[in-house]
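Here's the structure we're looking at; comments come further down.
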Amino acid sequence: MRRSLVAATAASVLLLTAACGGSSDGGSGSGGNSDSLTLAAITPPSSFAIGEMASSGPEDHYYQAVYDKLLNLDADGEPVANLVTDWSYDETGTRLSLTLRDDVTFTDGTKFDADAVKANLELAKTKTGEAGSALRAVDSVEVVDLTHADVVLSRPDPSVPQALARSSGYMASPKALGSADLATNPVGSGPYVLDQDASTPGSTYVYSRNEDYWNADEYPYDSLEIRFLDDNTATLNGLRSGELDGIAATTTDLVSGAKQANLEVTTYTNGGIEGLYLWDRDGALVPALADVRVRQAINYAMDRDTIVDVVKGGLGQPTEQLFGPSSPAYDESLDGTYDFDLDKAKKLMADAGYADGFTMSMPDASPVFPDEQAALTEALASINIKVDYQPITGDQFVGSIISGQWPGNYFNLTAGSPFEMIGLVLTQQSPFNPFKTSDPQVDELLGQAASTTGDEQAAALQKLNAYLVDQAWFAPWDAAEGAYVTGKGIKVDPVQGLSVPPLANLDPSGS
C-alpha cells in the first residue's frame, strides 16, 4: 500500500500546484474589509427545513447565516449562552429548563419566545436529518412563560445541550414552520437574510445583512456569498485571485495546494472520526459483514499510519476507536488493537469462509475524496473484497446512507461529545444506524453511561468503546484534524469539535 499511495498523492499535488499559476490580483472577496465575505463549500445546502440538517459539516455556513441557535459552543467545544441565557437539568436528568432572551425578533416580525422554542423543537424531533435525530429523547416542550421553557425528556440524555448548540438548536419563525417553502426560503432571526433573487439554487447563495439583528457586532460583514465548489483547482484559483475568502479544506490536495500558493491554513481538532463505516453489521445487504471475523479482518487490512501520513498529510491521529482522544470514552490502550497485519486479516477471512472475498457496493466519493477512496479500495482489495462504486451527487450522499442504500462507505462523522456520537450511530433511533442494528451489551452500557456521572460514567463509556472495538462495529482510520484555508486579510478562530469554524469566527484581520 505505502508505495502506490505516495505516488498517487504526490501526482495530485503536482497537478494542483501547476494549476495555481497566474495573477493574484483582482477578485470580489473581502480582502480584509468588512463590506463582503465570499466563501466556498464542497456541497450545497441539503435543506433549510428545521430538523433536516447535518449536525456539523460543510453546509454549516449556509444555515448559520439565517438561523440563530439556542446555544453556541466556546473555543473548547462546550455549550455557552446564545438565545438561551441559562439552562439546567433537574435531579432526574429528564427535564432541561431553559431561560430565553427577550429581545429577539424573526425577520418576518414574529417575536422569539418560549412558544417558538416549543414549535421548533417539537417539529425538529420528528424529522429524519441529524438535527432531528439528535432530539429523539425529547418527549415534549412545556412553556412556562414567555422567557422560560422546559424540555421534557423520555430518558436521561446528557447530549441535549450539545445538540442545541448545533443544528438541532436552529430556530425558524413559527409562522414559517408549516410551509414547504421553508426548505429553500428560510425565515430565521440570524445575522443575514437569504436574497432569493440574487441567488442560484444549487450554486450560489447571496445574503444581505439583517438590519435588526440583536448581535450584529459578531458579524462584521455587510453581505455574504457562499458558492458551491467541489473542484479543488477552481477553489485554489479563487482563493489566490481574491474571489474567495475561505473554505473548509476536506482533502490533503487542497491543503497542500493552499500552502504552495502561500495561503493561510489553520488546522484544528474538529471532532471527526474518519474511515470505513460498516453500517450493515447484520448482513442484510452483504451477509459476510454479519461475521465479526470479517469485520476484524477489514480492520487489520487498514494501514492507518500510512493513510494518515500519506493520504491525510499528517492531519489526524491513527485510531481504531469511534471516540477521539479528547473524549472520556477514549482508551489509549485500545489503539493498536488492529495494527496493520495482512496475514492475520487473510486468515480471519479464510476462517470465516471468505478467502476468495466478496463484492460490496459503495457511493463514489472520488470526486471530492480521491485519495481516501483509493486507499480504501486498495486496503479492501488486499483481502479480496471488491468495491462496486456507484455514482452519486453530493446532495444525495448523506441521505443515501441514512436510507440504508450501502453496506458501508468512507465517511467522516463529527461529534462534540461521546453522547452526540452515540446519538448519531449507536441507538435504534440514530440516523447513521440505517439497518437498526441492536446489541444487548451495547444497550446495557448505553443505559449505564446515560444514568451516571463522573468517573462511573467515564468507566461505562470506556467499556462501551472497548466492546465496539472488539466487535469491530466500524473500521476507523483516524481522529481527524480539520483545516480551514483563508485568503489575504481574513482571521479565523476554529472551535474544537466542529468540522467548520462558525461564521461568527471569520473576521477581517486585526479586528
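The values are calculated or read from the model by the stated rules, or taken from the named source; none is laboratory data. Here the structure is a predicted model, which is why all the values come from computation and not from measurement. Neighbour counts are summed over all protein chains in view; Cβ atoms, including those assigned to glycine, are modelled from backbone coordinates with ideal geometry. Note: accessible area is taken over every heavy atom of the protein model, side chains too, but ligands, DNA and RNA are not part of it. Shrake-Rupley method; radii C 1.70, N 1.55, O 1.52, S 1.80 Å.
Some observations on this one:
- Enumeration of residues in the range 427-460 that are under 28 Å from Glu372 (Cβ atoms) and in contact (Cβ under 8 Å) with a residue 40 or more places away in the chain: Thr427, Ser430, Pro431, Phe432, Asn433, Pro434, Phe435, Thr437
- Among residues of the range 266-285, those that are more than 22 Å from Asp305 (Cβ to Cβ) and at pLDDT 95 or above, counted: 7
- Listed by position, the strands (runs of 3 or more DSSP E) inside the range 428-511 whose residues that are among the aromatic types (Phe, Trp, Tyr) number at least 2 are 475-486.
- Flag for Asp305 being assigned to a helix (DSSP H, G or I) and surrounded by fewer than 23 Cβ atoms within 10 Å (Cβ to Cβ): yes
- Condition check for Glu481: closer than 30 Å to Asn505 by Cα and open to solvent by 10 Å² or more (accessible area, probe 1.4 Å): yes
- Leading residue by the ranking (farthest from the chain's Cα centre (by Cα)) among those in the range 385-408 that are surrounded by fewer than 16 Cβ atoms within 10 Å (Cβ to Cβ) and part of a loop (DSSP other than H, G, I, E, B): Pro391
- Tally, over the range 220-271, of residues that are free of Cβ contacts under 8 Å to residues at least 12 places away in the same chain and on the phi < 0 side of the Ramachandran plot: 3
- Count - residues of the range 50-88 that are open to solvent by 20 Å² or more (accessible area, probe 1.4 Å) and not in a loop (DSSP other than H, G, I, E, B): 10
- Meets criteria (among the polar types (S, T, N, Q), at pLDDT 95 or above and under 23 Å from the mean Cα position of the chain (by Cα)) for Thr204: yes
- Matching residues in the range 241-264 - criterion: being buried (at least 20 other Cβ atoms within 10 Å of the Cβ) and either under 28 Å from Val193 (Cα atoms) or at pLDDT 95 or above (or both): Gly242, Leu244, Asp245, Gly246, Ile247, Ala248, Ala249, Thr250
- Hey, Asp212 within 25 Å of Asp74 (Cα to Cα), touching a residue at least 12 places away in the same chain (Cβ under 8 Å), crowded, with 23+ Cβ neighbours inside 10 Å and among the charged types (D, E, K, R) or not: no
- Test: Gln441 is modelled with pLDDT of 95 or more, within 25 Å of the chain's Cα centre (by Cα) and not basic (Lys, Arg): no
Residues checked against (1) touching a helix residue (DSSP H, G or I) at 6+ places or on another chain (Cβ under 9 Å); (2) at pLDDT 95 or above; (3) not aliphatic (A, V, I, L, M):
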site: Val310; (1), (2), (3): yes, no, no
site: Leu315; (1), (2), (3): yes, no, no
site: Pro318; (1), (2), (3): yes, yes, yes
site: Ser326; (1), (2), (3): no, no, yes
site: Glu332; (1), (2), (3): no, yes, yes
site: Thr337; (1), (2), (3): yes, yes, yes
site: Lys344; (1), (2), (3): yes, yes, yes
site: Phe358; (1), (2), (3): yes, yes, yes
site: Asp364; (1), (2), (3): yes, yes, yes
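- So Gln448, is it within 23 Å of the chain's Cα centre (by Cα), open to solvent by 30 Å² or more (accessible area, probe 1.4 Å) and under 30 Å from Glu52 (Cα atoms): no
- Pairs meeting the criteria (first residue in the range 178-204 and over 26 Å from Ala116 (Cβ atoms), second residue open to solvent by 70 Å² or more (accessible area, probe 1.4 Å), beta carbons under 7 Å, at least 6 apart or on different chains) are Pro201/Thr184.
- Those residues of the range 281-334 which are of a type in the set (Asp, Glu), over 29 Å from Asp253 (Cβ atoms) and in contact (Cβ under 8 Å) with a residue 24 or more places away in the chain, in sequence order: Asp282, Asp291, Asp331
- Residue match in the range 272-293 (condition: among the hydroxyl-bearing types (Ser, Thr, Tyr), more than 23 Å from the chain's Cα centre (by Cα), over 21 Å from Leu39 (Cα atoms) and surrounded by fewer than 23 Cβ atoms within 10 Å (Cβ to Cβ)): no
- Scanning the range 320-372 for residues being open to solvent by 40 Å² or more (accessible area, probe 1.4 Å), assigned to a helix (DSSP H, G or I) and not basic (Lys, Arg) gives a total of 7.
- Condition broken by Gln396, with the remaining ones in (1) modelled with pLDDT of 95 or more; (2) farther than 22 Å from Pro318 by Cβ satisfied: (1)
- Close pairs from the range 119-133: first within 12 Å of Ser430 (Cβ to Cβ), partner among the β-branched types (Val, Ile, Thr), Cβ under 7 Å, at least 6 apart: Thr128/Ile402; Gly132/Thr126
- Residue check for Arg227: surrounded by 20 or more Cβ atoms within 10 Å (Cβ to Cβ), in a helix (DSSP H, G or I) and among the charged types (D, E, K, R): no
- One residue alone among Arg293, Arg304 is at pLDDT 95 or above and touching a Ser or Thr at 6+ places or on another chain (Cβ under 8 Å), and that residue is Arg304.
- Within the range 409-419, if we keep just the residues that are in a strand (DSSP E or B) and aromatic (Phe, Trp, Tyr), the residue that is surrounded by the fewest Cβ atoms within 10 Å (Cβ to Cβ) turns out to be Tyr410.
- Which numbered condition Leu177 fails, given (1) over 18 Å from the mean Cα position of the chain (by Cα); (2) more than 28 Å from Leu83 (Cα to Cα): (2)
- Checking the stated criteria, Ala329 turns out not to satisfy the condition of being closer than 15 Å to Ile298 by Cβ and among the small types (Gly, Ala, Ser).
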